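Following: one structure in structure tokens, then a few remarks.
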């Protein structure tokens, strides 16, 4: 299997397209209100689908690796928030405070489900544990992230929303749809699991709708007067530093805990990811409309960065695995004269010209037996 | 010809001298018409026989095989002679400094070594078609193969020239010729009989084993070689018939005999039999090739061309393939032992057919003609793989070409094999039929 580092995520291009569209043609007035309403509906739909997609059975089935899951949760909800606080404090001095809040906000988000599992599978990790860990992270995130946002962001009074409105919004837009989807899972779960391809556009277009609506509000509020290439550069640097620290600590922790290779992969991918698909609607629910665009900008940058880095890491793990598999796979007898002579050179046994046809005929017979002996054929 | 037991009794009692037995045997061996004998060891035989006679004259115990003449396959070390392993190139090599352990034990028991006998070069084959020493002929029909690789050992016993001979069995090299020549032959359990002082072939599978034309003789030589008697088991052994592949390429007479021996015995289908055989093939090729690597490098043209090419190919096999085959074997042995735990003896054909014609050395496997040299061991090779002891027994078929069966025992279950073999002989199912024109000797 050949892994190449992916080009820019096509979804990111859509997101950038939305940002550009919102910048050039922002929804205003009644249109913006309509888009806001549609975005709210999209958020409700997204969390309903999140709830319906998350399998409690998968969480329960993989819960045996509790130490691994606790470690992954600690990365997501302890180390990342700590780094987010530091990053927000440091960058808040040189960039727009809302962007700095965005850095902290992304650090409080749950892990991704789909890409954590996909990268774990690509790297040859423990997929069952990844499913459990990522699902658990999202399950807890529905409560933990708003809680952490309340503690670390809203308590500072810079959210622009009063507490009751915030709790109400969390309740109606996040928790209730999530719970409804999750409780209906016995009825609709199998349909949803069987139609993931059909639902992906729904998911994504909902996110795009939220992004467009958020950036429209942001543009109207003069986001591009406040955000320049320097700010984007700082965000990229801050994202890179956070991700690098998380990955480095992750490696040390996996070794210290004596995790097996396949579990260390789960810790890496579940512990270092932040979910754009959860983060965007959560921002929509947790922040004032004018602030959402600024808050999700760091998340969009981080999202692309983590995809690059994780794809590269998964590719590296896979190449190691493939190399080990090649070493483990049993070569058949030399199949042609060149291979025969190469092997003869290896064991320092010259094969005289006159013997070669006879030796090759015997190697052909031995190849038949080797295939059967290896269990490849024969009844 | 007299049995070894009878000769020993006559020599010990003074009825005949070991020297006279040896002299007549040497004459018979010199007159061998089966391309079986490679070296007649007159001087040594007469010296050993005289020593036996001297002990008897002194009133000493001359041993259970006193004066019994025998021959050994060309891969046993005989002091003062090069061990050729069936390759004339090795006659220029150094002489063995001492006898092989098996020869030493037979000598100590009073037996008299009279000849070395033919084999497939380096024991690589089931036919005893030897480029240097010729193709050994089957005493039951000289137009047919004797089987191999211990074909010379089988032929001299079947022809009545000696009552006992030693061969070796790596993948069936005792059982196949025993089957084609209508004799008793033994492949012992791992470590039961001494292989020290024999030219190796594939060390994972190499065993030595005797041929005899009489079951009592076989039990006697087995006892001498292992240094202790094998007591026939008191209770009737529990029998299973091997099914599956073992019933697919076999003579109908073999299957009928197996069914007659134990009509109610369950048909046991061993798993992965073709895989076991192929893994044995790979292990043998690899070990054989590596054993000869230096010699092949030094003098490839000193080898029988067919054997040389097989050995070179074996040496070229990847190490990892060999290791996987060994790992499969370890797992397979454990599986088979568990599977057959309830049965003392398993019944299977030995060679899959009667001796093939020398002019047409092919046999039919799954309806396709394939070389006899590589394929006569189809039913022995996978059993070798299990490391279990096997007593090859001849079906009683007067007037017909010989066919044999394998009585496959348990590790440590040799007594059941002897018990069943005795019972089958008493029932007239098995037994040796000497070929017309076999050397009767003047001892009768």
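The values are calculated or read from the model by the stated rules, or taken from the named source; none is laboratory data. From a predicted model like this one, the values you see are computed outputs, not experimental measurements. Glycine gets a Cβ as well: all are built from the backbone with ideal geometry, and neighbour counts include every protein chain shown.
Among residues that are assigned to a helix (DSSP H, G or I) and either modelled with pLDDT of 90 or more or closer than 22 Å to residue B:414 by Cβ (or both), residue B:309 is included. When you check residue A:359 against the structure, is it within 22 Å of residue B:324 (Cα to Cα) and at the interface with chain B (Cβ under 7 Å from one of its Cβ atoms), yes or no? Criteria not met by residue A:359.
Taking the range B:195-207 as the range and being part of a loop (DSSP other than H, G, I, E, B) and under 18 Å from residue B:390 (Cβ atoms) as the test, the residues that pass are B:195, B:201, B:202, B:204, B:205, B:206.
Taking the range B:220-237 as the region of interest, how many residues are assigned to a loop (DSSP other than H, G, I, E, B) and either surrounded by 15 or more Cβ atoms within 10 Å (Cβ to Cβ) or in contact with a helix residue (DSSP H, G or I) (Cβ under 6 Å, 6 or more places away or on another chain) (or both)? Number of matching residues: 6. Selection over the range A:258-282 of residues that are closer than 17 Å to residue A:321 by Cα and not in a helix (DSSP H, G or I) gives a count of 2. Residue A:105 passes every criterion in (1) closer than 24 Å to residue A:220 by Cβ; (2) free of Cβ contacts under 8 Å to residues at least 40 places away in the same chain; (3) crowded, with 17+ Cβ neighbours inside 10 Å apart from (2). Does residue B:363 satisfy the criteria of being surrounded by 20 or more Cβ atoms within 10 Å (Cβ to Cβ), without any contact (Cβ under 8 Å) to a residue 24 or more places away in the chain and not in a helix (DSSP H, G or I)? Yes; evaluated as a whole, the condition is true for this residue. Filter the range A:23-68 down to residues that are surrounded by 17 or more Cβ atoms within 10 Å (Cβ to Cβ) and either not in a helix (DSSP H, G or I) or not assigned by TED's automatic domain parsing to the domain that holds residue A:182 (or both), then give me how many there are. Total satisfying the criteria: 4. Is it the case that some residue within the range B:171-178 is part of a strand (DSSP E or B) and either crowded, with 24+ Cβ neighbours inside 10 Å or within 12 Å of the chain's Cα centre (by Cα) (or both)? No, there is no match, as no residue in the range B:171-178 is part of a strand (DSSP E or B) and either crowded, with 24+ Cβ neighbours inside 10 Å or within 12 Å of the chain's Cα centre (by Cα) (or both).
When A:218, A:244, A:253 are checked against the criterion of being assigned to a helix (DSSP H, G or I), closer than 22 Å to residue A:102 by Cα and in contact with a helix residue (DSSP H, G or I) (Cβ under 7 Å, 6 or more places away or on another chain), a single residue qualifies: A:218.
Yes or no, residue by residue, for (1) in the same structural domain as residue A:261 (by TED's automatic domain parsing); (2) over 49 Å from the mean Cα position of the chain (by Cα); (3) on the phi < 0 side of the Ramachandran plot; (4) at pLDDT 90 or above:
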residue: A:324; (1), (2), (3), (4): yes, no, yes, no
residue: A:343; (1), (2), (3), (4): no, no, yes, yes
residue: A:349; (1), (2), (3), (4): no, yes, yes, yes
residue: A:358; (1), (2), (3), (4): no, yes, yes, yes
residue: A:362; (1), (2), (3), (4): no, yes, yes, yes
residue: A:365; (1), (2), (3), (4): no, yes, yes, yes
residue: A:369; (1), (2), (3), (4): no, no, yes, yes
residue: A:379; (1), (2), (3), (4): no, no, yes, no
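Regarding the range B:93-106, can at least one residue be identified that is within 30 Å of residue B:371 (Cβ to Cβ) and part of a strand (DSSP E or B)? Looking through the range B:93-106, none of the residues is within 30 Å of residue B:371 (Cβ to Cβ) and part of a strand (DSSP E or B). Inspection of the range B:280-287 identifies no residue that is modelled with pLDDT of 95 or more, more than 10 Å from chain A (Cβ to nearest Cβ) and either touching a helix residue (DSSP H, G or I) at 6+ places or on another chain (Cβ under 7 Å) or assigned to a loop (DSSP other than H, G, I, E, B) (or both). Contact map, the range B:292-317: residues that are farther than 19 Å from residue A:336 by Cβ and at the interface with chain A (Cβ under 7 Å from one of its Cβ atoms) paired with residues that are outside any helix (DSSP H, G or I) and at pLDDT below 90, Cβ distance under 8 Å, separation 6+ or inter-chain. Pairs shown: B:296/B:303. Quick check on residue B:276: is it facing chain A (nearest Cβ under 8 Å) and under 19 Å from residue B:377 (Cα atoms)? Answer is no for this residue.
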